[in-house]
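Beneath this line is the structure, given in structure tokens, with notes to follow.
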Amino acid sequence: MTVNLTCTQVSALLSFYIDDKLSNQLKQFVEAHLEICPTCNAKLEALRSMIKSLREVHEKLSVVKSGAEEYAQSEQNNDFSINLSAYIDNELSDEENLKVKKYIISNPKARQDLEKMYKLKKIMQNSFDKAKNNSKGDYSKFILRRIDMHEEIYGPDSFAKVVALFIIILTVFTITAVIIFWV
Ligand SMILES: [Zn+2]
């Protein structure tokens, strides 16, 4: 027996299909529909690339995080890294801001690290833009569902985290761009 699924039904099942969480029978119905429907195929591809972008962002964030931790652990850079995070959060006085800027100028390693971070942020920014573009149309619900389904990866308040992450990245990106320009 073959059941012909509608596009709406297939759309609703796509993210489960990608996760291989459908029963064999349902999977066959989805695949039968995908064979004949270019629209749903395009959705599947868009969804896959969006998930890939989200994963990339997540991986890159881990790299940045571990990099920042390494940096903080380095005694030589300890003061700077503390100031840097406050600097990024715009929590420093003008005087302290100036100190950080001077440190960046006088310390080639700090500049190198900042440039690396800058490049990394740019890649992350691009990934986010890509994910954002892919989420046009009715894909936003797929993102939300993906995030729901990946709570173990993204944490319990995943949506808030993604939003916060996005804001942090934008902030850091802007500030590093200002630093690079200023230097
Ligand atoms: Zn279809």
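The numbers here are math on the coordinates, done by the rules we state, and not lab data. Predicted model, so just to flag it, every value in this text is computed and none were measured. Because the Cβ atoms are built from the backbone with ideal geometry, glycine has one as well, and the counts that use them run over all protein chains shown.
Here are the numbers for the structure shown:
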read-out: Some residue of the stretch 17-39 being in contact with a Lys or Arg (Cβ under 8 Å, 6 or more places away or on another chain) and within 11 Å of the ligand (Cβ to nearest atom); value: no
read-out: Subset of the stretch 7-63 [in a helix (DSSP H, G or I), of a type in the set (Asp, Glu) and within 27 Å of Asn126 (Cβ to Cβ)]; value: Glu45, Glu56, Glu59
read-out: Top-ranked residue in the stretch 1-15 [being buried (at least 16 other Cβ atoms within 10 Å of the Cβ) and closer than 23 Å to Arg55 by Cα; ranked as farthest from the ligand (Cβ to nearest atom)]; value: Ser15
